Every structure is written in structure tokens, then in C-alpha cells.
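Everything on this sheet refers to the single structure shown next.
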Amino acid sequence: MELKRSLNTFDSISLLFSSMVGSGIFFTSGFLLKETGNAWIVLICWGLGGFLALCGSITYAYAARLLPFAGGDYVYLKVAYSPVLAFMSGWSSLLTNFSACISVLALAFGKYILILFPSLPNWSSETLRVLGVDLQISSATVIGVFPILFFSVLNFFGIKSAVLVQNLFAVIKIVGLVLFIVLGFLIGNSNWTFLFSNPMPNFLDSTSYSKILIGIVPVSFSYLGWNMITYLAEEVKSPERNLVRSAVTACFMVTGLYLALNILFLVSAPSNELSGKDGIGAIAFERLFGTDLSILTTGFITWVILGSLSAILIGGSRVYFAMARDGAFIESFAKVHAKYRSPYVAIFFQASIAILFLCVKEIESLLYMITCSILILSCLTAATPFRFEKLGYVSDYKIPFYPWPIFFYIFANLAVMLILFIEKPVNAIWGLSITLSAIPVYYGIQYRNNVLQKQTELVS
């Protein structure tokens, strides 16, 4: 079954923008200040994260132009390398890249709802530690289930209806963030000495580089979504033109926005008051405009989170659909609704996995686990242009400054992975284990398919 090409350039940019700009920008810098201890390193991390996303987007565009089908990395790895590596990518998407990202956003949504409505019961169960990961059910967990189910049902009714709602989220999100930045600098209680009182990093000291690399890990999560359009390539109109244009435009928009927002955060309060805080965005708003309007920023952040969650739900299901269509996953995942043309089985299965991930207690733990799992195979995906050239595939798209963006993207990912295994070994091992667990699952599915095929042949 094929999906319908319904997304124009605006839809594509809107989807990418909403995918990339989620809850991460409102809590990541608090973690960064705690991990790095320096506001300038925080800004360097956000700048490098944007450059890394741009390098990744123009590199992935090569494969997307050659293979404009649903599935993204899964499709590229299958053609360039092998079905096993492709399955590992899809398996990681199911268990971490998409499902866990959705859970992070849903948990953040739950926490902000409790802030907006303090009269709601706020409870949490006892913590259960399993293989180094803390599990807990709380009020935020229960609240987080609702947006996952709502947007999954919305996606069931087709890509066009889902994207129409997505565009509404994106437009209000852009207008709100730009207003926050402009008003914050013009009339807010900003104080530039909060930023300039931080000493400049000493780049002769190797610890500065390790801090930057560990800082890029949560930043990379906040930029996740720059490749979202590749998962929906089969539903994009004129993919040879719109895929590259929308990806590059969204990367520049988001990087500029993130840098401006972080500068505003850092001039709103002393670094020690922001360090380690979950809601750095809400704290900055209160310091800039006072507590009387704090409900506005909390409500807006909740809106931003919902827009990002909706976009990621759209993209992730297409990976499992592509896997099933190839016969590499559960057959029913390849079903497309006769009327709405949506991969509805894949959509609701993804929702189920995301709801299970809501039980992970610490958002920070999920961040590191997600990032490690993603980086393992994204390096191979980034190298696919070299493989495609060797295999004789010719594209009319030329990667700018080829091959340096590919080299930078791969080197940065490998460096971040190394630091991650050193600094956060439990989370890194979880991410690696989830990725490698795809191998026995893949061969188990292949064995089952072979048995069924032989049975069919015997019957016929």
C-alpha cells in the first residue's frame, strides 16, 4: 500500500519546526548549566547543536532525494548496507528514538498541567529500580497518557487533518516565541551582567571540550526532528525540491531561535539560580515580566510541547509502516486505512509503547538513553552518500562543501558517544542494548516468515 502525497512546502517546514521546537528548549539549559558550570559553554553547545543538525539535514537530503519513500533511515540503511542494519534503525525508532521522545514530551506536558492547575491531585508511587533505571507512576504520568491518545486518534483520520492542526500549533508557537524574545529584550527586566559575569572557557584545558561534548547530548535531543521530513518523504509533494528546502530552512530558523532564547534566559537571572532547574523557561519569564503573567508562559510552554508531540507522533509511525511493508516486521503494521490513508495499526502500537515509557522517572535518564541509541546508527546513515556512489546511484543533488559536512557530523557523533559512555555509562549501555536487541528479533521474524512461506508452499 502507498501513502498519498499531500504535504506542500509550508506543511513540511511547519512539521519540521514543530518537531524540533518542543519542551527541550524550556528545561535543557538548566541541565546544561549544572553539567558544564558555564553560561558561555551553554551557548556554544546550542550553536554547535544547530550546526550539527544542519550538517545532518543536508547529508540526509542526498538519500531522501534518491529514495523519497516513507521510513527515513530505515530505507536508506536497507539499500546502502543491509536489511539487518535497517531493522536495527527501525527497532531503535520504535523503542527509543520516537516512542521515548514522545514520552519525554508527554511527561513534560503532565508536569506543566500540574503547574497550571495546582488544585489537581499531585501524587507519585514508590520508586522501583530496574537494571539501573528508576521507574515510577505519578500524576504527570497519568496526564501524559491523554495527549498521546488524542494525537494518535487525530493521526488515524489522515495526514491532512493531522497537519492542519499541526500548522495551527506551529504558527502560534512561532508568533509566541518571537514575541517573548522581542519583548524580553526590549521591556523585560534583563541584566547582561548575569551573562558577562561568567568567565570565558579556557580552551587550552581539555575539560572544556569534554564539557561541550557532554552538553551537546541534551542539546541534540532539543534539535531532534530535523530529519522528520525524511520519514514522511512519500507524502511530500515534489520531494526533489521540497525535502532539501524545508529541512535547511527549518534548521536555520530553529538555531537562530534557540540561541536568542538562551541568551534571554541567561540575562534574566544569575546562572546559579538557573542551574539544574527543570523549568528554566518559566523562571526566566517570571524574572523578566513578574509573577502576575506567569500563567501565560506556563500555558504557552504547554502549547509548544503539544505541537512537538503531535509532529513526532506523525513521523514515527511511518517507520514501522515501511518495515512491515517490506516484510521485516509485523504484517498488520503495513495496513493503510481505506478511507483516511493512514497507517493506523502502526500509529496505535507506537502510542502503546510511548505510554509504557512514561513510567521512567527521570526525564534526564531518557534523554541520554535516546541520544545514545540515535547516534549509533545515524553515523552509518550519514555515510550513505559514499555507499550510494559506490553502488552506482546518481543524484542531481550535491551536498554543499562535500564531503566535509558528512565528516563533521560523523566525528561529532562519535565524540559525543565516547563522552556519553564515560560520563553516563548506565544510560549509554541501555541505549546500546536496545539497539543490539534488534538482531535476534530480526532473525526471529525472518525465521517465522520462512516457516510460514514453506507451510504455504506445502498447502498449495
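Brief remarks follow.
- Restricting the range 310-342 to residues that are part of a helix (DSSP H, G or I) and of a type in the set (Val, Ile, Thr), the residue that is nearest to Lys78 (Cα to Cα): Val319
- Wholly enclosed helices (runs of 4 or more DSSP H) of the range 190-302 bearing at least 3 residues of a type in the set (Val, Ile, Thr): 206-223, 239-266
- Test set (1) at pLDDT below 80; (2) closer than 21 Å to Val236 by Cα; (3) not basic (Lys, Arg) - Ala324 fails condition number: (1)
- Within the range 15-45, the set of residues being under 24 Å from Val248 (Cα atoms) and surrounded by fewer than 24 Cβ atoms within 10 Å (Cβ to Cβ) comprises Leu43, Ile44.
- Helices (runs of 4 or more DSSP H) wholly inside the range 23-125 containing at least 1 residues that are within 15 Å of the chain's Cα centre (by Cα) and charged (D, E, K, R): 73-80
- Search result, residues across the range 412-428 that are surrounded by fewer than 17 Cβ atoms within 10 Å (Cβ to Cβ) and within 20 Å of the chain's Cα centre (by Cα): Leu414, Ala415
- Within the range 402-460, tally of residues that are charged (D, E, K, R) and in contact with a Ser or Thr (Cβ under 7 Å, 6 or more places away or on another chain): 0
- Residues of the range 427-449 that turn out to be polar (S, T, N, Q) and within 19 Å of Phe333 (Cβ to Cβ), as a count: 3
- Looking across the range 138-159, just one residue is more than 23 Å from Ala338 (Cα to Cα) and not in a helix (DSSP H, G or I), and that is Ser138.
- Ser6 in contact with a helix residue (DSSP H, G or I) (Cβ under 8 Å, 6 or more places away or on another chain) and over 30 Å from Lys424 (Cβ atoms): yes
- Scanning the range 358-371 for residues that are surrounded by fewer than 22 Cβ atoms within 10 Å (Cβ to Cβ) and either in a loop (DSSP other than H, G, I, E, B) or at pLDDT 80 or above (or both) returns Cys359, Lys361, Glu362.
The values are calculated or read from the model by the stated rules, or taken from the named source; none is laboratory data. Please read all numbers here as calculations on a predicted model, not as lab measurements. Cβ atoms come from the backbone with ideal geometry, glycine included; neighbour counts cover every protein chain shown.
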